[in-house]
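This report concerns only the one structure given below.
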Amino acid sequence: MRNLMTTAQSTVAMRRWGPPGIVTLAAMLAFAAVGPATAAKQPRQPAEAVAPREAGEPIMAIVSIKSQQVTFYDADGWIFRAPVSTGTTGRETPAGVFAIVEKDKDHHSTMYDDAWMPNMQRITWNGIALHGGPLPGYAASHGCVRMPFGFAEGLFEKTNIGMRVIISPNDAAPVDIVHPALFMPKREAITAAPGRIDKLSGEAEEAARAADETKKAATVAAKEAASLPALLRKLEQQKTRADAELAFADKQLAATKTDQARAKAEELQQKAATKAADAATQLDAARAAAQPKRDAVAATKEAAKAAATRKADAVKAATDAKLALEPVSVYISRATQKLYVRRNTHKPAPDGGGEVFDTSIEVPVTIRNPDQPLGTHIFTAMAKNDTGLRWSVVTIEDGDNAKNALDRITIPQEVLDRIAPTALPRSSIVISDEPLSSETNYRTEFVAVLSSQPQGGFITRKPTAPPMAMASDDGWDNGGNGFGFFFQRDPNPQPVNPRRRGQYQYYQPAQPMQRGFW
C-alpha cells in the first residue's frame with residue numbers, strides 16, 4: 001500500500017511540475033538506483049516517527065540542519081519526527097527563530113517555474129517555508145524545508161498561525177527550566193480578564209464618542225470664527241476711510257475764508273465725524289464679539305486634544321485587556337539593547353496575506369555585561385502547572401548558558417506589569433545576540449537569523465516591503481471601537497549585529513509588498 005501511495009504521489013507531482021518535475025523525479029530515481037558502495041557513502045536519513053501517545057496541539061517545531069530532521073512538540077514532549085531536506089550550498093536555509101505566518105494547502109511557486117509546494121507553511125514573507133517535497137537524503141532545496149509529502153499533508157491541519165519554528169544548525173530539543181524571571185501568571189488576574197475587557201471596552205467606546213463630539217464642537221467653533229478676520233478687516237478699512245474723510249473735512253474747514261464756505265465745511269465735517277464715530281463703534285463691537293469666539297476655538301481645540309488623548313489611553317487599555325487573552329512573545333536583543341513584545345490579533349492583514357501582530361511595545365532593556373555574548377535561547381511556556389506555568393528552553397547558539405542569560409537581563413517593571421499577570425501557555429521569551437531581521441513586520445511574529453551561520457537561501461530572495469502603517473477606527477473588531485493601532489512603531493530596519501561576519505547581510509526593505517515571491 002505504501003508503494004502504491006508513493007507511486008501515486010510521484011505521478012501527481014510529475015503532472016503538476018511538468019518537464020522540470022520529471023527531470024527532478026528522474027534524478028531521484030537515479031539516486032535510488034545507485035549501487036551499494038555509493039549508497040553506503042550517503043548519510044543515513046532519519047525515519048518518520050510518531051510518539052506512542054495521543055498528540056496534543058503542536059507548540060513548536062525544531063529543524064536540525066545537521067541531522068536533516070524536523071521534530072514537532074506539544075506540551076508533553078515530541079509528537080512527530082520526519083526527515084527533511086534543507087537548503088543546498090549557496091542557498092542555505094537560515095538558522096534562527098521564526099513562526100508560521102501563512103498556510104496554503106495547494107501552493108505553487110512564482111519563483112521556480114510554478115513548482116508545486118503542497119501543504120505550504122510560510123515562515124518568512126520573502127519565501128522560506130515548510131512544505132511537502134522530494135527528499136534525496138541530503139540538503140537540496142533552494143532555502144525551504146522540504147518534508148515528506150504524506151507527513152506535510154497530515155501535519156497541515158494540526159498547526160496554527162504563530163506556531164514557533166526554530167531552525168537550529170545542530171540538534172536541539174526543549175529542556176525544562178525554572179527561573180524567577182520567567183513569567184508566572186496570577187490566577188486572579190486571569191479570572192478577572194473577561195470582566196476587565198468588557199469594562200475597558202465600554203470605556204473606550206465612551207471615550208471615542210466623547211472625542212468625536214469634542215472634535216465636532218471644535219470644528220463648528222472654528223467655522224464660526226473663520227469669518228471673523230475678513231469681517232474685522234472690512235470694518236477696519238471702513239474706519240480708516242471714515243477717519244481719512246474726517247481729516248479732510250477738518251482741513252477744509254480750517255481753510256475756509258467766508259461764512260458761507262465755513263457753514264458748508266462744518267456740515268461736511270459733522271457728517272464725517274458721525275461716520276467715523278459709527279465706524280469706530282462697529283469695529284469695537286465686532287472686536288468685542290470676536291473675542292469669545294476666539295476663546296471658544298481655543299477651548300474646544302484643547303478639549304478635543306484632551307479627549308483624543310483620553311481616547312488613545314482608553315483604546316490602549318482596552319487593547320491590552322483583549323490581548324491579555326493571547327499568548328505573549330518577547331524578544332530581547334543584545335545587538336539593539338531593546339525588548340520587543342508581540343501578540344497575534346488574529347485579524348487578517350489588510351493587504352491579503354497572513355494575520356496582524358500587535359507591535360505596541362518596544363522599549364530599551366538593561367543587559368549586564370552587554371559586551372559579552374548571551375547566545376540564542378528560546379524559552380516557551382509549555383503548559384499550566386501548580387505554580388503557574390511550566391517552561392522549557394531551546395538553545396541554538398552558544399554564548400552564556402540559558403539561566404545566566406536570564407540573570408543578566410532586567411525587564412522594565414512597567415512591561416512586566418502589562419504582560420506577566422496573564423501570561424498563558426505558548427507564551428515565550430527569546431534572548432539573542434542578534435537584532436530582529438528586517439523580515440520582521442506587522443504581519444509576522446519575530447524573525448531573527450543567526451549571523452554566524454550561512455543564509456544563502458534567505459539573502460537570495462527578494463525582500464519584503466518596509467512596515468506599513470495601518471491605523472483605523474475599527475482595526476480590532478470592525479465595530480468602530482478604535483482598536484486599530486496595530487502598526488510597526490519604528491519604520492527603520494534594526495541595525496546589523498556587530499558580531500556579523502562573512503558575506504551575508506540582512507535585507508534592507510526596498511520593494512513594495514508582493515505575495516508569492518517563491
- Query: Of all the residues that make up segment 442-461, how many are open to solvent by less than 10 Å² (accessible area, probe 1.4 Å), assigned to a loop (DSSP other than H, G, I, E, B) and closer than 16 Å to THR395 by Cβ?
  - Reply: 1
- Note: among PRO421, PRO425, just one is open to solvent by 10 Å² or more (accessible area, probe 1.4 Å), over 21 Å from ILE65 (Cβ atoms), in contact with a helix residue (DSSP H, G or I) (Cβ under 6 Å, 6 or more places away or on another chain) and touching a residue at least 24 places away in the same chain (Cβ under 8 Å), namely PRO421
- Failed condition for ALA349, given (1) over 28 Å from ALA192 (Cα atoms); (2) open to solvent by 20 Å² or more (accessible area, probe 1.4 Å); (3) of a type outside the set (Phe, Trp, Tyr); (4) under 21 Å from the mean Cα position of the chain (by Cα), with all others met? (2)
- Evaluate the following for ARG196: is it in contact (Cβ under 8 Å) with a residue 60 or more places away in the chain and either open to solvent by less than 40 Å² (accessible area, probe 1.4 Å) or of a type outside the set (Gly, Ala, Ser) (or both)? yes
- Note on the structure: In segment 155-168, anything open to solvent by 20 Å² or more (accessible area, probe 1.4 Å) and touching a residue at least 40 places away in the same chain (Cβ under 8 Å) is listed as LYS158, ASN160, ILE161, GLY162
- Candidate set: segment 371-400, residues that are modelled with pLDDT of 95 or more and assigned to a loop (DSSP other than H, G, I, E, B); chosen: the one surrounded by the most Cβ atoms within 10 Å (Cβ to Cβ): LEU374
- Task: Assess whether ARG342 counts as being surrounded by 22 or more Cβ atoms within 10 Å (Cβ to Cβ) and either at positive phi or modelled with pLDDT under 90 (or both).
- Result: no
- Query: Restricting the first residue to segment 132-151 and requiring it to be open to solvent by 10 Å² or more (accessible area, probe 1.4 Å), which pairs with a second residue that is of a type in the set (Lys, Arg) and outside any strand (DSSP E or B) meet a Cβ separation below 7 Å and a spacing of at least six or different chains?
  - Reply: HIS142/ARG91
- Considering each residue of segment 239-276, count those that are among the basic types (Lys, Arg) and under 21 Å from ARG287 (Cα atoms), and give that number. 3
- Item | Residue count for segment 171-182, restricted to those that are assigned to a loop (DSSP other than H, G, I, E, B) and touching a helix residue (DSSP H, G or I) at 6+ places or on another chain (Cβ under 7 Å) | 2
- Determine the pairs where a residue that is of a type in the set (Val, Ile, Thr), located within segment 317-331, has a partner that is in a helix (DSSP H, G or I) with Cβ atoms under 8 Å apart, the partner being 6 or more residues away or on another chain. VAL328/ILE419; VAL330/ILE419
- Message: Quick check on segment 294-339: of everything there that is charged (D, E, K, R), part of a helix (DSSP H, G or I) and open to solvent by less than 40 Å² (accessible area, probe 1.4 Å), which residue is farthest from GLN372 (Cα to Cα)?
- Response: LYS322
- Task: Have a look at ALA226, ALA221 and point out the one that is surrounded by 13 or more Cβ atoms within 10 Å (Cβ to Cβ) and not acidic (Asp, Glu).
- Result: ALA221
- Message: Can you pull out every residue in segment 401-415 that is open to solvent by less than 70 Å² (accessible area, probe 1.4 Å) and assigned to a loop (DSSP other than H, G, I, E, B)?
- Response: ARG408, ILE411, PRO412
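This table checks each residue for (1) open to solvent by 10 Å² or more (accessible area, probe 1.4 Å); (2) within 27 Å of the chain's Cα centre (by Cα); (3) free of Cβ contacts under 8 Å to residues at least 12 places away in the same chain.
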| site | (1), (2), (3) |
| --- | --- |
| VAL63 | no, yes, no |
| GLN68 | yes, no, no |
| GLY77 | yes, no, no |
| SER85 | no, no, no |
| THR93 | no, yes, no |
| ILE100 | no, yes, no |
| ASP104 | yes, yes, no |
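The values are calculated or read from the model by the stated rules, or taken from the named source; none is laboratory data. Predicted model only: the values in this text are computed from it and were never measured. Using ideal geometry, Cβ is built from the backbone for each residue, glycine included, and neighbour counts are taken over all protein chains shown. Please note that ligands, DNA and RNA were not included when accessible areas were found on the heavy atoms of the full protein model with its side chains. Shrake-Rupley method; radii C 1.70, N 1.55, O 1.52, S 1.80 Å.
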